[in-house]
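Working notes, structure below.
The values are calculated or read from the model by the stated rules, or taken from the named source; none is laboratory data. These figures come from a predicted structure and were not determined experimentally. Please note: Cβ atoms are built from the backbone with ideal geometry, for glycine as well, and neighbour counts cover all protein chains shown.
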Amino acid sequence: MAQHFQIDSLDKQILEFLSHDARTSFLEIARQCHVSGALIHQRVEKLQEAGVISGSRFCIEPKGLGFRTTAFVGIQVNLINTRTHEEVFEKISMIPEVVECHHTTGKYSLYLKIYAHDNEHLKKILVENIQSILEVTATETFISLEEGFRRQLPVS
């Protein structure tokens, strides 16, 4: 976000509407905020340019596609050279079931979020796709029993 960009109360209202439902029309937001549709359009463009918001999309529910297992995997990497970490990251980015990959501090170099159809599918992903990467020295897997909640950051 641009350092000089300030979010005012109208921007906060817009962000609240869009974070709840990105399909809310600019005219509906304008009516609720008592301003013109053109002003909402301009503000949304400024929020995008400032890097506060990006895109709009539908969320695919993994269970709707048969992915019933969610796992988090910590990965330790043997750093052979300064490029090793990025090479492992690139290989992992090619695994479609890996939906998040974080570079982390602490025990693990990378921390992944994986969706699998079931535990057998998860085992296949771990053994054939992740542990087969030569630079991966260890993994630790945590299976999510249930997602308690998922939310956007609050607009305050």
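Enumerate the pairs (first residue in the stretch 31-53 and modelled with pLDDT under 95; second residue anywhere and loosely packed, with under 15 Cβ neighbours inside 10 Å and assigned to a helix (DSSP H, G or I)) with beta-carbon separation below 6 Å, excluding pairs fewer than 6 apart on the same chain, so at least 6 apart or on different chains.
Once the first residue is modelled with pLDDT under 95 and sits in the stretch 31-53, its partners that are loosely packed, with under 15 Cβ neighbours inside 10 Å and assigned to a helix (DSSP H, G or I) give G37/L27.
Of the residues V155, V127, V73, V99, only one is outside the structural domain of D21 (by TED's automatic domain parsing), within 25 Å of A22 (Cα to Cα), modelled with pLDDT of 95 or more and among the hydrophobic types (A, V, I, L, M, F, W, C); which?
V99
When the residues of the stretch 77-96 are narrowed to those that are surrounded by 15 or more Cβ atoms within 10 Å (Cβ to Cβ) and at pLDDT below 95, which ends up nearest to T141 (Cα to Cα)?
V77
Considering only the stretch 138-156, state which residues are surrounded by 11 or more Cβ atoms within 10 Å (Cβ to Cβ) and of a type in the set (D, E, K, R).
E140
Name the one entry in I143, I114, I130, I125 that is among the hydrophobic types (A, V, I, L, M, F, W, C) and under 17 Å from the mean Cα position of the chain (by Cα).
From the options I143, I114, I130, I125, the qualifying one is I114.
Select from the stretch 1-49 the residues that are aromatic (F, W, Y) and either under 21 Å from the mean Cα position of the chain (by Cα) or in a helix (DSSP H, G or I) (or both) and list them in ascending order.
Within the stretch 1-49, F17, F26 meet the criteria.
Within the stretch 119-137, can one find any residue that is touching a residue at least 60 places away in the same chain (Cβ under 8 Å) and either exposed (fewer than 10 other Cβ atoms within 10 Å of the Cβ) or of a type outside the set (F, W, Y) (or both)?
Scanning the stretch 119-137 turns up at least one residue that is touching a residue at least 60 places away in the same chain (Cβ under 8 Å) and either exposed (fewer than 10 other Cβ atoms within 10 Å of the Cβ) or of a type outside the set (F, W, Y) (or both).
Considering only the stretch 77-106, how many residues are farther than 23 Å from E147 by Cα and within 22 Å of the chain's Cα centre (by Cα)?
12
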